[in-house]
């Protein structure tokens, strides 16, 4: 494996991106400070100058994911576009998205760059999903209603609980459930779950 050289002072960013590459390929479970250090050609002890522990490194990667998702969503100013882009990002980056969603409330409250990245995503989502007038709480609930719907659907789709379908067909179905488009009329794609027909009556 060819190691990417880094300049002194860039170690934080280099390590974060190296960890993200490992996570995108194999998931967060297989990622450690030592593995990242080996990837970029330094010692894992050097990384402790920038990351208190493995969780701090993972939080930095999660923050980078939130920033990229926000960037992808900025042009998506309509609710349908927004939901479609959100789901596509998650499906294109399943390991990264899972890590983003696994960050604890405490992490968002204590890790400044993670909090800032999440706040930027909330702001973009408020503009697209909370278009009706209301209080701050009402507008945030409007965002959460869409997020919970798409996140729950993504979890079911990625875990294989739902009837097998392409990612594109899944997004179409999520948009229909959210009331943002018409459902797919292909009979092979309609049912979310496979179902058994009633047994024939022998009488």
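Bear in mind these aren't lab numbers, they're just calculated from the coordinates by the rules spelled out. These numbers come from a predicted model, not from an experiment. Here the Cβ positions follow ideal geometry from the backbone for every residue, glycine too, while neighbour counts run over all protein chains shown.
Taking a virtual spin label 7 Å from the Cα of residue 21 along the C-beta vector, which residues in segment 84-106 bring their backbone nitrogen under 16 Å of it?
Within reach of a label on residue 21, which here means backbone N under 16 Å from a point 7 Å along Cα→Cβ, segment 84-106 contributes nothing.
Go ahead and collect, in residue order, the members of segment 136-162 whose backbone nitrogen is under 20 Å from a label point 7 Å along the Cα-Cβ direction of residue 101.
Label zone hits: 141-162.
May I ask for the equivalent-ellipsoid semi-axes of segment 59-177, computed as the square root of five times each C-alpha gyration tensor eigenvalue and listed largest first in whole Å?
Values: eigenvalues 97, 71, 31 Å².
For segment 59-177, the ellipsoid semi-axes come out as 22, 19, 13 Å.
Using the basic label-point model (7 angstrom from Cα toward the beta carbon), what is the residue 88 to residue 71 distance in nanometres?
1.6 nm
How would you rank 62-74, 140-152, highest first, on the average number of other Cβ atoms within 10 Å across their residues?
Packing order, densest peptide first, comes out as 62-74, 140-152.
Express in nm, to one decimal, how much length is gained between residue 48 and residue 164 on full extension, taking 0.36 nm for each residue of separation and deducting their alpha carbon distance.
Once the chain is fully extended between residue 48 and residue 164, it gains 37.4 nm.
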